[in-house]
Every structure is written in structure tokens, then in C-alpha cells.
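Visitor: What follows is a structure written as C-alpha cells; I'll ask about it next.
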Amino acid sequence: MPRKKRTQKVHHVTGNLNVVEFTKSGSALNLQIYDKDQMLGEITIGRGSFTWRGARRHTNKRKWNWTRFAELMNREAYGE
């Protein structure tokens, strides 16, 4: 049986879960996304929204409510 090639790890994600109470603001899941050693961006998933901040964009964040986020993902996955 031929040997399998080892795959190189390209991306990794670290996370932080702040749980004050799931019903209160301030409880969120923060995920930092890396490509090898370079940070690509940070995702914050909260109770009411989804926020993306790029690695080099410290002041600009993109924030969507869950309905708008679902529309964006459906458009990306399935087209118009």
C-alpha cells in the first residue's frame, strides 16, 4: 500500500469564549484566523450579530445581523 503524503498545515484558528451569561450583551465568541504565521482577521460572533475585522484594519469593522449574514452566505454559496 502506498504511503499517504503528509499535508502541510496552512490555516489555524484560535478562540476565546466570553460567557457572562448567554442572555446578556458582552458574551461572545472571538476567533482569530491565521494563515501560517500571519493573521488574516478576527471574527466575533455575538448574540445579535456577526462581526469581521481584517488583520490590518484596526478601525473598520463589518457588522451584520444574522438575517443579513445568512443572505450574504447564501449568495456566496448558491449565487443570486
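Read-outs throughout are calculated quantities, based only on the coordinates presented, and are distinct from any laboratory measurement. It should be emphasised that the depicted structure is a prediction, and the values quoted were computed from it without experimental measurement. Note: ideal-geometry Cβ built from the backbone for every residue, glycine included; neighbour counts use all protein chains shown.
Visitor: Would you mind computing, in nm to one decimal, how far apart the modelled labels at Glu76 and Gln38 are, each placed 7 Å from Cα along Cα→Cβ?
Guide: Computed distance between label sites Glu76 and Gln38 equals 1.9 nm.
Visitor: A further question on this structure: Bins of 10 Å, beginning at zero and ending with the bin holding the largest distance: percent of Cα pairs per bin for the range 11-78, please.
Guide: For the range 11-78, the binned pair fractions read 20, 43, 34, 3 percent.
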